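First the structure, in the form of structure tokens, and then the observations on it.
The values are calculated or read from the model by the stated rules, or taken from the named source; none is laboratory data. Bear in mind that the values here come from a model prediction, so they are computed numbers and not experimental data. Cβ placement follows ideal geometry from the backbone for every residue including glycine, while neighbour counts extend to all protein chains displayed.
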Amino acid sequence: MTAETKLTAARTTLVLGSPFFGALALRLKLVSDPSCDTAWTDGVSIGYNPAFIDSLTQPELTGLLAHEVLHVANGHCWRRDGRDSRQWNVAADYAINGPLVDSDFAIPEGALLDAQYTGKSAEWIYARLPQDPPPPESPEGEDEDEGEGEGEDAPQDSPEGEDAPQDSPEGEDAPQDGSQDAPQAGEVRDAPQGEDAPSEAEWQQAVREASQLAGSMGGDLERHIEAATAARVDWRSILRRFVSETARADYTWTRPNSRYLAAGMYLPALHSEALPPVVFGIDTSGSIDKVALSQFAAELDAAISEAQPSRVHVMYCDTAVRSSDTFEQGEPLTVTPKGGGGTDFRPLFEAVEDLPEPPCCVIYFTDLYGPFPTEEPPYPVLWAATSDKVAPFGETVRLER
């Protein structure tokens with residue numbers, strides 16, 4: 001049985017037994033790559049060394065595919081952001097192997113596992129890994145020297161003779177599969193660039209759809225997937241500023257200050273009302289695709305969870321406000337986009353003027369292609385944009401796709 005046949009059988013096992021992983025595994029091409037040590041993924045393909053595949057049991061092959069799928073589902077192919085590739089692989093493996101093992105997946109022997117990293121992101125783990133490993137040109141000890149050398153620079157007294165360098169990394173870029181000191185289940189590579197390459201946002205949408213298809217997965221794995229598809233904008237810091245600028249606070253005699261009651265002093269207490277209503281505008285024009293709308297919904301949910309406004313108005317707008325919904329504080333929010341035409345930002349701000357109570361702020365999810373009001377409104381406006389454009393007023397935050 002060939003390595004490709006074994007992997008195809010393992011993928012079928014995932015489709016039948018673990019629909020979440022199976023649906024996502026089908027999106028990745030299987031590519032034979034004898035130059036790699038184990039396996040890798042870049043969000044487009046799963047590359048594999050046939051010899052490594054032949055060394056694994058069928059349950060381990062299934063776990064290997066799930067491992068690579070979880071790298072992509074977590075966005076590891078897009079999130080390295082200049083970090084050291086070897087350290088990033090180590091951190092990413094620690095982040096996903098725990099949930100896989102807890103979900104009864106068999107992963108290859110020697111894969112990185114550490115309970116202290118359970119539930120942590122790759123970024124969190126990376127920041128806590130030793131950041132100064134010995135470089136290849138400065139090995140610690142004769143044995144490491146023998147494993148690191150190559151070509152004319154290899155030690156001549158290597159106990160393994162001329163064949164020793166064949167087991168060492170090839171070239172400066174070799175340590176991309178994680179730690180040199182521990183075998184890896186497979187490496188994660190940076191996603192390719194270009195119009196035809198899938199974006200992180202497209203994969204997040206695929207992950208949400210696969211999660212809905214699979215239903216409840218239970219335990220740490222389900223929480224891990226929820227975290228992987230969570231909003232990426234730091235709404236906490238952004239909305240904290242809006243709250244500080246617009247939240248109402250005053251002294252009230254109806255609630256005496258209990259701190260002074262024992263001394264017989266009846267003084268008013270500082271009373272803060274709930275954050276006034278917030279308006280969320282969602283661009284539903286034809287230029288906004290399903291992936292962007294899904295991302296808008298995730299960011300909207302994160303923003304509301306952080307701000308907890310007294311009331312939320314959600315308006316769906318293309319060249320006109322096509323629909324609007326109002327949700328009271330604590331009421332479950334549902335997103336039901338309507339539209340599909342051109343883009344005009346003016347109708348939403350006109351609709352805001354007709355609200356019974358002015359909002360503390362407007363947050364508009366859009367690609368920023370369309371005409372704007374000629375006058376800046378009297379309340380803060382945050383534009384959450386999927387493009388590189390900047391709005392003529394308010395603050396513009398980029399939503400990474």
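Where helices (runs of 4 or more DSSP H) sit wholly within segment 1-112, those with at least 2 residues that are closer than 21 Å to GLN205 by Cα occupy 3-17, 19-25, 58-73, 85-102. Only residues that are within 16 Å of HIS76 (Cβ to Cβ) and not polar (S, T, N, Q): list them for segment 26-53, please. Scanning segment 26-53 gives ARG27, LEU28, ALA39, TRP40, ASP42, GLY43, VAL44, ILE46, GLY47. When you look at SER310, is it under 23 Å from the mean Cα position of the chain (by Cα) and farther than 12 Å from PHE280 by Cα, yes or no? Against the criterion (under 23 Å from the mean Cα position of the chain (by Cα) and farther than 12 Å from PHE280 by Cα), SER310 does not qualify. What about TYR364, is it modelled with pLDDT of 90 or more, aromatic (Phe, Trp, Tyr), touching a Gly at 6+ places or on another chain (Cβ under 6 Å) and farther than 22 Å from GLU200 by Cα? Answer is no for this residue.
Picking from residues in segment 1-17 that are within 27 Å of the chain's Cα centre (by Cα) and among the small types (Gly, Ala, Ser), the one that is surrounded by the fewest Cβ atoms within 10 Å (Cβ to Cβ) is GLY17. Scanning segment 343-399 for residues that are among the basic types (Lys, Arg) and under 16 Å from CYS317 (Cα atoms) gives a single hit, ARG346.
Of everything in segment 31-90, what is at positive phi and surrounded by fewer than 20 Cβ atoms within 10 Å (Cβ to Cβ)? Give them in sequence order. So that I can check it myself, show each step before the final result.
To start, the set of residues in segment 31-90 that are at positive phi comprises 43, 75, 81-82.
Listed by number, the residues that qualify are ASP81, GLY82.
Just one of the listed residues (PRO347, PRO337, PRO371) is in contact (Cβ under 8 Å) with a residue 24 or more places away in the chain, within 18 Å of THR284 (Cα to Cα), within 29 Å of the chain's Cα centre (by Cα) and not in a strand (DSSP E or B), namely PRO337. Among the residues making up segment 280-300, those that are more than 16 Å from the chain's Cα centre (by Cα) and of a type in the set (D, E, K, R) are ASP283, ASP289, LYS290.
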